[in-house]
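Written below as structure tokens is the structure these notes are about.
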Amino acid sequence: QVQLVESGGGLVQPGGSLRLSCAASGSIFRLYTMGWYRQAPGKQREFVARITFNGLTNYSDSVKGRFTISRDNAKNTVYLQMNSLHPEDTAVYSCKIEGTGAWGQGTQVNVSS
């Protein structure tokens, strides 16, 4: 069973940056499409970004141009570089193997002055 472990969350001021990481176990990580999702307090979980096995990406409109998803198959890791953070980006961010029920435990991001 594949396990996903996120890291890199924390407190950052508006306009700041963070890079989240999601490390996956298993030898076939390179074949997975990976997604980042987030859930803010009192709201439903929403899609943030996705990257296919061959590096194609797509983003939600709310983060397009500010966030970048990438992957390092040698390290079994997917990243989410978040720039120009807004208070409304505050949420628990989780990674997922798309098309499966495999989720990480999430990492908290707080954007506040």
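The values are calculated or read from the model by the stated rules, or taken from the named source; none is laboratory data. It should be emphasised that the depicted structure is a prediction, and the values quoted were computed from it without experimental measurement. Note: ideal-geometry Cβ built from the backbone for every residue, glycine included; neighbour counts use all protein chains shown. Accessible surface areas use protein heavy atoms only, side chains included; no ligands, DNA or RNA. Shrake-Rupley method; radii C 1.70, N 1.55, O 1.52, S 1.80 Å.
Within region 23-38, the set of residues being surrounded by fewer than 20 Cβ atoms within 10 Å (Cβ to Cβ) and in contact (Cβ under 8 Å) with a residue 60 or more places away in the chain comprises THR33 only. Among the residues of region 11-22, those that are surrounded by 13 or more Cβ atoms within 10 Å (Cβ to Cβ) and either on the phi > 0 side of the Ramachandran plot or more than 14 Å from the chain's Cα centre (by Cα) (or both) comprise VAL12, PRO14, GLY16. Suppose the filter is on the phi > 0 side of the Ramachandran plot, more than 9 Å from the chain's Cα centre (by Cα), open to solvent by 60 Å² or more (accessible area, probe 1.4 Å) and not aromatic (Phe, Trp, Tyr); does GLY55 pass it? No, not satisfied. Here ARG50 clears all of (1) closer than 11 Å to TYR93 by Cβ; (2) surrounded by fewer than 21 Cβ atoms within 10 Å (Cβ to Cβ) except the condition numbered (1).
Which ranges mark the strands (runs of 3 or more DSSP E) fully within region 59-113 that have 2 or more residues being touching a residue at least 60 places away in the same chain (Cβ under 8 Å)? First the steps, then the outcome.
Numbers: elements: 67-72, 77-82, 91-97, 107-111.
Where strands (runs of 3 or more DSSP E) fall fully within region 59-113 and carry at least 2 residues being touching a residue at least 60 places away in the same chain (Cβ under 8 Å), they are 77-82, 91-97, 107-111.
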